[in-house]
Structures are given as C-alpha cells and as structure tokens.
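**Student:** One structure is given below, represented as structure tokens, and several questions about it will come after.
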Number of protein chains: 2
Amino acid sequence: MTQRDDFNALTTSATLADVARAAGVGESTASRVLRGKGAVSERTRAKVQAAADKLAYVPNRLAGNLASTGSNLVGIIIPSLTNIVFPDFLRGANQVLEAHGHQSVIAVSEYEAEREERLIASVLSWRPAGLILVGLDHTEGAKALLRASGTRLVEVYDTDGVGLDRLVGFSNRQAGAVAARHLIGRGYRRIGYVGHRIHLDIRAVKRFEGFEGALREAGLSVVAQEIGTGTSSVEAGREGLKRLLAQGIEIDACYFSNDDMALGGYFHCLSHGIQIPNQLAIFGHNGLDLARFAPQPLSSIRTPRAAMGEVAARMVLGQEQAKLIDIGFELLEGGTT
Amino acid sequence: MTQRDDFNALTTSATLADVARAAGVGESTASRVLRGKGAVSERTRAKVQAAADKLAYVPNRLAGNLASTGSNLVGIIIPSLTNIVFPDFLRGANQVLEAHGHQSVIAVSEYEAEREERLIASVLSWRPAGLILVGLDHTEGAKALLRASGTRLVEVYDTDGVGLDRLVGFSNRQAGAVAARHLIGRGYRRIGYVGHRIHLDIRAVKRFEGFEGALREAGLSVVAQEIGTGTSSVEAGREGLKRLLAQGIEIDACYFSNDDMALGGYFHCLSHGIQIPNQLAIFGHNGLDLARFAPQPLSSIRTPRAAMGEVAARMVLGQEQAKLIDIGFELLEGGTT
DNA sequence: TCAGGAATTGGCAGCGCTGCCAAACTCTGC
DNA sequence: GCAGAGTTTGGCAGCGCTGCCAATTCCTGA
C-alpha cells in the first residue's frame with residue numbers, strides 16, 4: 001500500500017477567459033452559457049460547453065460572488081457536535097440548502113458566546129446569503145455585527161424570548177412543564193433531577209425552569225438534584241443518577257436534562273436491578289431514535305430537529321413568510337414512566 | 001412574544017477604502033493594519049483600528065482571497081450526518097482547522113458517488129486551501145476534477161486501497177478480522193451477521209470481508225446473515241437480529257455492521273430475555289461512548305474518529321510529513337462477548 | 001549638517017467574474 | 001430591397017482586496 005506522488009502537480013485552473021478563447025466567443029457569452037442565464041444560440045452554447053468540459057473548467061465563485069455581490073453560502077453556527085441533536089438539525093438544513101444550490105459553512109461555538117461572536121465575524125466575512133444561529137443569547141458585539149451586516153438571520157431551537165430577525169424553534173420552558181405534568185399525571189411525587197454543565201446550556205436551564213414551575217403549580221418541588229460539571233453524555237447521566245441516589249433522598253421519578261443523560265440513568269437502573277418504572281421513573285428530552293428502541297422506550301419529549309433545520313433553511317432563503325415559527329414538540333409516553 | 005421588524009434595515013457594509021479614508025491613511029496601510037502584517041507605526045495602527053471599529057468593518061474575504069489567490073476554506077465531504085461517527089470526525093477536524101484560522105465548508109454525499117462528485121465541484125469553486133473526503137472510492141469525474149484543481153486532498157477512514165494524495169485512516173478489513181478472531185478466541189463457533197444497506201457503505205463491506213476471511217482461516221464461516229435495506233440504526237439492528245433469529249439457524253454470536261446496529265441487537269436480547277453473552281454474544285464496531293456505559297459494555301472496535309479528524313486537518317494544512325498514516329483502532333473487550 | 005539606510009506609507013494594477021450597454025446580427029412584413 | 005423589431009453577441013468597468021514598487025519620512029553616525 002503505497003501512496004502515489006504525482007498528485008498535485010503544478011496546475012493552474014482554467015478561467016472563464018480561457019474557456020471563451022477556446023470556444024472562440026466573448027467572455028460574457030461564455031459566462032451566460034455556463035450560468036445558464038441569458039439568451040444564447042444553441043450552437044454557441046454547445047461550443048462553450050465543449051470547451052469548458054475539455055478544460056475541466058471550475059468557476060471561481062470568489063470572483064463570481066464578488067462581482068455580483070452576494071454569495072450562495074449560508075453560515076450555520078451550532079454549539080456542539082458531540083450531541084447528535086445538532087447534526088440532526090444540520091441534516092435538515094443542509095438538505096434544503098443543497099437543493100437550492102446553497103452551501104453551508106459550519107462552525108462550532110462550544111457553547112461559548114465569545115467564540116460565537118468571533119465565528120460570526122469570520123462567517124460574515126464571506127458575505128453569506130444568510131446565517132443560522134442556535135438560541136437567542138449572543139454577545140452585544142455579535143448583535144452589532146449582525147445588525148450592521150444586514151444578513152438575513154435565523155435563530156433556532158428556542159422561542160422563550162425575542163429573536164433578532166427570524167426565529168424557529170420551540171419553547172424549552174413549555175417542554176419542561178409538559179415533562180413535569182406528565183410525571184405528576186402518572187402519580188409521581190418525589191421527583192429528582194440530573195443535569196449537565198448547566199450554566200452553559202441555556203436551553204437546558206429553561207427546561208428545568210419550566211419543569212420546576214409546573215411542579216410548583218402542583219404544590220411540588222424537585223426534592224433532589226445532581227448537576228454534572230461536564231457536557232451531557234450517557235456516562236454523565238449514569239454517574240449523575242448514581243450520585244443522586246447516594247444522597248439518600250427518596251425519589252420515585254427522575255427528570256434528566258436530555259436523552260443522553262437519561263439513557264445513562266436507565267443503564268444505571270438496569271445494572272443495579274432498579275425496576276423501571278415501578279421503583280424509579282425516568283424522563284429525558286429530545287426523543288432520540290436510539291432511546292426509542294430500548295427494551296422500555298424512554299419517555300421523553302421528541303423535538304423535531306431535522307424539520308426545524310428545514311424550516312430554518314427555508315427562512316434563511318426567504319421562502320417563509322412568517323418571522324416566527326413555533327415548531328412544537330411531542331410528548332413521548334414511553335415505558336420508563 | 002413578538003418579533004422585531006427593524007432588523008435588516010438597508011445596510012451597506014464598510015469597505016477597506018472607507019476605513020482608510022476615515023483613518024486618513026492609504027488603502028494599503030489600512031490593509032496592513034487589519035491583517036497585522038507588514039510594518040506599521042503604532043500611531044497609524046491605532047488610528048486605523050479605531051476607524052475600523054467605529055465602522056464595524058468586516059473584511060470581505062471574497063475580495064481578499066480573490067486578490068491573494070487561495071482561501072482559508074477547507075472543504076469536508078462526509079457520507080452522512082445521521083450516524084454520530086462523522087460528526088465526531090468533524091469535531092476533531094474542525095478544532096484543528098479553527099485553531100489555524102481556517103473555516104470548514106461541509107457537504108454531505110449521502111453515500112452517493114455522483115452526488116459526491118457534484119459536491120466536490122461545488123466546493124472546489126471556492127478555491128479551498130484543501131479538501132477532505134471520506135473513503136477511497138470516487139467517480140472518475142471526481143478524480144479528474146481533483147487532479148486538475150491541484151488542491152491538497154486528504155482521504156480518511158480507509159486504508160484498504162491506494163489514495164489519491166494524502167491518506168489517514170485504518171484498515172476496515174483488519175478491523176473485521178480482529179473482531180472475528182476475538183469471537184473465535186472466546187470460543188464462539190456459530191456466528192451470524194447483521195448488516196445495513198451494505199452496497200453503499202463500502203467500508204462496512206470491507207469489514208465484513210475481513211471478518212469472513214478470518215473466520216475462513218479458522219475453518220469457520222458466517223452461518224446466517226441478515227442485511228437490512230436502509231441505513232444503519234438501532235431500530236434496524238434490533239429488527240435485523242430479530243429476523244436473523246427467526247431464520248431458525250442456531251448461532252452463539254452475532255457480528256453487527258456497527259455499534260448502532262449492535263445496540264439494537266443488544267436491546268432485542270434484553271427485551272426477550274436472551275442472556276448475553278451466554279446465549280448470544282454481540283460484537284459491534286466504532287466503540288461509541290454510549291454503548292460503553294450499557295449494563296454490559298458493548299464489545300466493539302474503537303475507532304479514533306476525532307483523532308483522525310485532527311490528523312486529517314493537520315495533513316490538509318501541510319503540517320504532516322507523512323502521506324499515509326494508519327491511525328489504527330482498538331479492540332474493546334466488553335461484556336457482551 | 002548631511003548622506004545613507006531603514007522604516008513607513010501610498011498608488012495602482014490586477015485577481016476572475018458579472019452586469020450593463022452598445023454593436024452586430026437575424027428575421028419579419030410590406 | 002428595406003425599415004423595424006427582435007435576438008445574440010462582445011467590450012469593458014467595476015466588485016474589494018492584496019502585492020508590488022516607488023515615494024516619503026525618520027533615523028543613524030560622521
């Protein structure tokens with residue numbers, strides 16, 4: 001198994017002028033043919049196309065977009081790639097964008113607002129057709145940049161607040177409340193919570209707030225909680241529930257900051273012979289596919305991530321009238337509650 | 001909750017010339033300050049910086065890169081976003097690229113070679129600094145494009161074959177063989193296989209080939225198999241194992257095309273009271289975190305996806321001498337075999 | 001004080017493409 | 001055969017920036 005060495009031989013790629021010369025036409029004619037716009041006779045069209053093929057011409061969009069002011073790039077800045085939910089979102093967005101000839105520039109903020117601001121500046125320097133951000137919380141500097149740029153902006157994942165331009169998502173607060181009411185409705189009264197590095201994941205905080213609020217309305221409260229210091233993961237959920245139970249406070253149900261965490265809790269119970277849901281009920285958030293096919297499907301809130309990506313993409317392309325779309329969520333009454 | 005309307009007011013963003021004028025210096029001086037290269041006196045530096053800040057200047061990289069020929073974009077084309085392994089890879093790559101001031105343009109081929117070719121052309125039109133592709137199998141047209149472009153190319157995930165330029169990955173064939181030898185070593189003899197839409201996932205095919213080869217060396221063979229028609233998922237794995245067992249052929253171990261599938265199989269066994277590993281052993285591929293924290297950690301092959309992303313990024317930036325790096329994999333002797 | 005060299009600075013020609021406009025065709029119908 | 005209207009074509013000025021080179025200013029030390 002050896003690698004070849006003749007790749008990357010000096011190559012200067014052909015320009016539009018090269019194609020035009022080879023086809024014996026003017027630059028603008030060649031341009032018209034290759035972009036498929038403007039009237040061109042069939043005969044010249046064929047000539048130009050042949051020349052382009054022969055030269056393996058790849059248009060230079062740097063030049064094209066500079067000349068026509070405005071690119072077909074769409075920037076997408078997500079908080080993380082470790083949790084499948086953002087790739088799910090990307091998939092939906094990307095599908096629509098690609099179908100409309102747009103390309104995504106993706107950046108990852110790691111849940112840090114300052115980093116997000118830097119990334120926004122970086123992405124804006126490509127003069128994108130639009131920008132998609134997750135959540136409503138951005139630095140003042142970021143907001144100023146966005147406003148000054150005039151780029152179409154779509155914020156996603158969170159409708160608990162006011163967005164800057166367009167917005168598609170769901171209410172995390174309500175999702176938390178729905179989770180709480182579900183548990184209450186099933187008769188659970190001593191409810192615990194296991195969360196992850198919560199100070200950074202603002203939406204998880206909002207869910208918890210909504211959860212607590214609904215408990216309070218029912219005269220209840222979270223009787224024990226355990227907040228991890230790292231990102232969410234199956235491991236963190238498993239550890240979290242273990243520590244929560246070690247507190248010695250009796251609970252009959254546990255709400256987790258998301259499905260990864262909840263699955264960890266579920267695994268902990270399986271390992272330790274804790275009966276689900278009789279001894280302990282488990283509730284997550286996101287409705288991950290993988291948790292739906294556990295022996296007992298995880299009770300959770302299904303968030304339409306890919307659909308949200310599609311809507312966000314359509315919004316960013318200016319194909320949606322509404323400035324605000326609440327895409328909702330769905331209660332999954334699984335077998336763990 | 002209402003959306004504001006004053007966003008996207010007509011804004012023409014400031015140009016370098018605007019900044020230069022506002023600072024009372026020449027364009028090239030302003031350019032030097034803002035790029036931080038070239039000697040500039042502290043006094044003018046401050047003036048220019050102040051002007052840029054005041055105007056909320058965001059450089060236009062379309063123009064910048066056009067002028068300097070060559071962008072700081074790196075194209076990454078992956079087969080899919082539904083399986084966490086590619087986001088894992090992206091995360092590693094993205095981290096290194098961002099640290100070096102590069103931006104990733106990401107596209108998804110859905111395992112279709114023709115689509116990959118289109119995406120390559122599309123990405124090349126941005127004159128990226130480099131390109132990362134998954135696997136070694138590309139259309140002739142794609143290869144021609146890549147060769148003609150002279151862009152630095154890194155192929156990843158597969159060393160069972162010869163790459164076009166740079167290459168980092170591991171041998172899927174060997175991974176399959178290691179899995180087989182592990183099962184054989186543990187005494188399993190009647191081995192089944194559950195796979196997914198295998199004609200598209202060439203690397204899964206290679207793993208299976210390696211697996212079968214190692215069985216053959218031991219005088220064994222796969223006694224029953226079930227290949228799904230869709231993409232890999234927990235559900236497909238669960239269904240697959242169910243159908244496999246329904247065939248009525250007795251097996252004592254099952255190899256799955258990856259961990260998602262294997263986890264599905266694991267869940268099936270839990271649901272149906274099949275003792276693992278006594279009645280049935282389960283082996284996956286990828287070493288997903290979430291499967292490591294199941295009651296019985298899934299036996300699997302851990303692939304260093306994020307590390308591979310980092311190496312690929314370094315290669316694409318020209319920071320690696322080697323043209324070929326086998327990054328290996330690790331046998332995870334879990335509790336399911 | 002002044003030559004000589006270093007440190008700064010500005011001007012301007014492109015990078016490859018698109019958009020506009022005028023020029024050159026082609027076709028009508030009379 | 002020709003005006004008039006349509007269809008096709010080519011020329012060229014930018015888009016906003018960088019890279020080069022020349023011009024200017026600022027220091028040296030003698």
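The values are calculated or read from the model by the stated rules, or taken from the named source; none is laboratory data. The shown structure was predicted, so the numbers you read here are calculated from the model rather than taken from an experiment. All Cβ positions, glycine included, derive from the backbone under ideal geometry; neighbour counts span all protein chains shown. Side chains included, ligands, DNA and RNA excluded: accessible areas come from the protein's heavy atoms. Shrake-Rupley method; radii C 1.70, N 1.55, O 1.52, S 1.80 Å.
**Student:** Quick one: label points 7 angstrom along Cα→Cβ at B:Arg118, distances to the other copies in nm, smallest first?
**Tutor:** 3.6
**Student:** Also, quick follow-up: When only C-alpha pairs under 8 Å and at least 6 residues apart count, what is the relative contact order of chain B, in percent?
**Tutor:** Reported as a whole number, the value is 15 percent.
**Student:** Among B:Arg45, B:Arg181, B:Arg207, which one moves the most in a GNM of chain B with springs linking Cα atoms closer than 10 Å?
**Tutor:** Between B:Arg45, B:Arg181, B:Arg207, it is B:Arg45 that shows the largest mean-square fluctuation.
**Student:** Under the classification rounded if a/c is under 1.5, otherwise prolate if a/b is larger than b/c and oblate if not, where does segment B:161-302 fall, given a ≥ b ≥ c as square roots of the Cα gyration tensor eigenvalues?
**Tutor:** It is prolate, given that a/c is not under 1.5 and a/b is the larger ratio.
**Student:** What figure, in Å² to the nearest 10, do you get for the accessible area of A:Tyr57 with a 1.4 Å probe and non-protein molecules left out?
**Tutor:** Rounded to the nearest 10, the figure is 50 Å².
**Student:** Here's another thing I want to ask about it. I need the shape label for the protein assembly as shown. Rule: rounded when a/c is under 1.5, else prolate if a/b > b/c, else oblate, with a, b, c from the alpha carbon gyration tensor.
**Tutor:** Oblate, because a/c is 1.5 or more while a/b does not exceed b/c.
**Student:** So what J values fall out for segment B:308-315 if you push phi through Karplus, 6.51 cos²θ - 1.76 cosθ + 1.60 with θ = phi - 60°, rounded to Hz, Gly and Pro as x?
**Tutor:** Values per residue, Gly and Pro as x: 4, x, 5, 5, 4, 5, 5, 5 Hz.
**Student:** Same structure again: Over chain A, with a Gaussian network built from C-alpha contacts below 10 Å, which listed residue (A:Leu119, A:Leu164, A:Leu62) shows the highest mean-square fluctuation?
**Tutor:** For chain A, modelled as a Gaussian network with Cα springs under 10 Å, the answer is A:Leu62.
**Student:** Report the net charge of residues surrounding A:Leu244, where surrounding means a beta-carbon distance below 13 angstrom and charges are Lys +1, Arg +1, Asp -1, Glu -1. Please report the intermediate quantities before stating the final value.
**Tutor:** On the way: positive: A:Arg190, A:Arg238, A:Lys242, A:Arg243; negative: A:Glu226, A:Glu239, A:Glu250, A:Asp252.
Charge balance near A:Leu244 sits at 0.
**Student:** Considering only the other residues whose Cβ falls under 14 Å of the Cβ of A:Leu317, what net charge follows from Lys and Arg at +1 and Asp and Glu at -1?
**Tutor:** My count for the surroundings of A:Leu317 gives -1.
**Student:** Counting only protein chains, not ligands or nucleic acids, how are A:Lys143, B:Lys206, B:Lys47, B:Lys54 ordered by accessible area (probe 1.4 Å), most first?
**Tutor:** Final ranking, largest accessible area leading: B:Lys54, B:Lys47, A:Lys143, B:Lys206.
**Student:** Taking H placed 1.01 Å from N in the peptide plane, check which residues at least 5 places from A:Glu110 or on another chain put their amide H under 5 Å from its amide H.
**Tutor:** Under 5 Å from the amide H of A:Glu110 lie the amide H atoms of A:Ser80, each far enough along the sequence or on another chain.
**Student:** What is the angle, in °, between the Cα long axis of helix A:85-99 and the longest principal axis of the Cα atoms in chain A? Nearest 10 is fine, range 0 to 90.
**Tutor:** Compared with the principal axis, the helix lies near 30 degrees.
**Student:** Defining the label point at 7 Å along Cα→Cβ, can you sort the distances from B:Glu250 to the same site in each other copy, shortest first, in nm?
**Tutor:** 5.0
**Student:** Next up: Considering every residue in B:55-65, what mean count of other chain Cβ atoms within 10 Å of its Cβ is obtained?
**Tutor:** For peptide B:55-65, the averaged partner shielding equals 6.
**Student:** Shifting gears a bit: How far is B:Arg35 from the same spot in each other copy, in nm, shortest first, if each label point sits 7 Å from Cα toward Cβ?
**Tutor:** Ordered by distance, the counterparts are at 2.7 nm.
**Student:** Okay, moving on. Could you derive backbone 3J(HN,Hα) for segment A:266-283 from the dihedral phi with the Karplus parameters 6.51, -1.76 and 1.60 (θ = phi - 60°), listing whole Hz in sequence and x where the residue is Gly or Pro?
**Tutor:** Result, rounded to whole Hz: 4, 5, 4, 4, 4, 5, 9, x, 7, 6, 10, x, 4, 7, 8, 9, 10, 9.
**Student:** Between A:Glu217 and B:Gln319, what FRET efficiency follows from the Cβ-Cβ distance if R0 is 60 Å, with the result rounded to 0.05?
**Tutor:** 0.55
**Student:** Give me, ordered by chain and number, the residues 5 or more places off A:Ile227 or on other chains with an amide H under 5 Å from its own placed amide H.
**Tutor:** A:Gly195
**Student:** In addition: Probe radius 1.4 Å, ligands and nucleic acids left out: which of B:Ser171, A:Ser13 has the largest accessible area, and how do the rest follow?
**Tutor:** A:Ser13, B:Ser171
**Student:** Enumerate the calculated ³J(HN,Hα) couplings along segment B:197-208 in order (Karplus 6.51 cos²θ - 1.76 cosθ + 1.60, θ = phi - 60°), each rounded to whole Hz, writing x wherever the residue is Gly or Pro.
**Tutor:** Computed from phi, the couplings for segment B:197-208 are 2, 6, 5, 9, 8, 4, 6, 5, 4, 4, 4, 5 Hz.
**Student:** Can I ask one more? Evaluate the relative contact order of segment A:172-302 (contact order divided by residue number), counting alpha-carbon pairs under 8 angstrom at least 6 apart; express in whole percent. The partial results should precede the final answer.
**Tutor:** Details: 263 pairs, mean separation 33.3, N = 131.
This gives 25 percent for segment A:172-302.
**Student:** While we're on this one: Taking the Cβ of A:His102 as the center, what net charge do the other residues with Cβ under 14 Å away carry, scoring Lys and Arg +1 and Asp and Glu -1?
**Tutor:** +3
**Student:** Continuing with the same structure: Less than 26 Å apart at the alpha-carbon level, and either on another chain or at least 8 residues along: which lysines does that give for A:Lys47?
**Tutor:** Correct list for A:Lys47: A:Lys37, B:Lys143.
**Student:** Measuring from a point 7 Å past the Cα of A:Arg118 along Cα-to-C-beta, which residues in segment B:90-126 have an amide N at less than 19 Å?
**Tutor:** B:91-105, by backbone N distance to the label point.
**Student:** Give me a single rounded figure for A:87-97: the average over its residues of other chain Cβ atoms within 10 Å of their Cβ.
**Tutor:** Neighbouring Cβ atoms belonging to other protein chains average 3 per residue here.
**Student:** Would you please give the FRET efficiency between A:Asp53 and A:Gln95, computed as 1/(1 + (r/R0)^6) with r the Cβ-Cβ distance and R0 = 22 Å, to the nearest 0.05? Don't jump to the answer; show the numbers that get you there.
**Tutor:** Values: r = 29 Å, r/R0 = 1.31.
Efficiency for this residue pair is about 0.15.
**Student:** Next up: Using the per-residue mean of other Cβ atoms lying within 10 Å as a proxy for protection, in what order, highest first, do the peptides B:73-85, B:288-300 fall?
**Tutor:** Packing proxy ranking, top to bottom: B:73-85, B:288-300.
**Student:** While we're on this one: So what is the relative contact order for segment B:209-261, in percent, with contacts set as C-alpha pairs under 8 Å and at least six apart?
**Tutor:** So the answer I get is 37 percent.
**Student:** For a quick check, take a GNM of chain A with Cα springs below 10 Å and name the residue from A:Leu124, A:Leu167, A:Leu16 with the largest mean-square fluctuation.
**Tutor:** Looking only at A:Leu124, A:Leu167, A:Leu16, the largest GNM fluctuation is found for A:Leu16.
**Student:** Moving on to the next point. Per residue of chain A, what 222 nm ellipticity follows from adding -39500 (n - 2.57) for every DSSP H run with n ≥ 4, rounded to the nearest 500?
**Tutor:** -13500 deg cm²/dmol
**Student:** Within segment B:92-134, what residues put their amide N at less than 18 Å from the label point 7 Å along the Cα-to-Cβ vector of A:Arg197?
**Tutor:** Of the residues in segment B:92-134, B:92-96, B:98-99 have backbone N under 18 Å from the label point off A:Arg197.
**Student:** Show the residues, 5+ positions off or on another chain, whose built amide H is closer than 5 Å to the amide H of A:Ala281.
**Tutor:** Excluding prolines and chain starts, which carry no amide H, the hits are A:Ala253, A:Cys254.
**Student:** Leaving ligands and nucleic acids out of the surface, order B:His285, B:His272 by accessible area at 1.4 Å, largest first.
**Tutor:** The most accessible residue leads, giving B:His272, B:His285.
**Student:** Averaged over its residues, how many other protein chain Cβ atoms are within 10 Å of peptide A:318-324's Cβ atoms?
**Tutor:** Going residue by residue through A:318-324 and averaging, the value is 1.
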